[in-house]
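Working notes, beginning with the structure itself.
The values are calculated or read from the model by the stated rules, or taken from the named source; none is laboratory data. The shown structure was predicted, so the numbers you read here are calculated from the model rather than taken from an experiment. Using ideal geometry, Cβ is built from the backbone for each residue, glycine included, and neighbour counts are taken over all protein chains shown.
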Amino acid sequence: MLAFIGIVIYGFLAVLCWNVATKRGRNGFGWFFLALFITPIAVLILLLLLGPTETKRTEQIVEEETLRKAVREGNTEYLTKRQKKHQQQAEKEITGFFPPIFYVFLFFVIVGAFMVLGR
């Protein structure tokens, strides 16, 4: 039973690596499997040390500069569009938090739980 709980925690940490990687502009699928083969905690530390990709940083800088310019010029149209965009992203993050591999993992966790409890 203890081994089963350890596997579940290991899997959830690997899924967390997927989410952190995608939010930082990296390939979540690859980092997920790297976390499975190495260890999720080491991969999370590596992701935090690496930070976002250069492309992701550039996108953030461009967005911040555009926002500053809109605020200085009083461009309310851009600000309302940006607010709607961020609301949509927040809704997407809430509903699409878990990657598809998580649901496969969850299926195996449930099957494993029934096998462990059925003994």
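Checking each residue in the range 1-58 for being assigned to a loop (DSSP other than H, G, I, E, B) and either among the polar types (S, T, N, Q) or without any contact (Cβ under 8 Å) to a residue 24 or more places away in the chain (or both) picks out 27, 38, 39, 53. Considering only the range 7-50, state which residues are loosely packed, with under 14 Cβ neighbours inside 10 Å and of a type in the set (Gly, Ala, Ser). Result: 30, 42. Remark: residue 107 falls outside the filter, which requires a residue to be surrounded by 10 or more Cβ atoms within 10 Å (Cβ to Cβ), at pLDDT below 80 and in contact with a helix residue (DSSP H, G or I) (Cβ under 8 Å, 6 or more places away or on another chain). Summed over the range 62-78, residues that are in a loop (DSSP other than H, G, I, E, B) and surrounded by 10 or more Cβ atoms within 10 Å (Cβ to Cβ) total 1.
Specify which of the listed residues (45, 7) is in contact with a Gly (Cβ under 8 Å, 6 or more places away or on another chain) and among the aliphatic types (A, V, I, L, M). The match here is 7.
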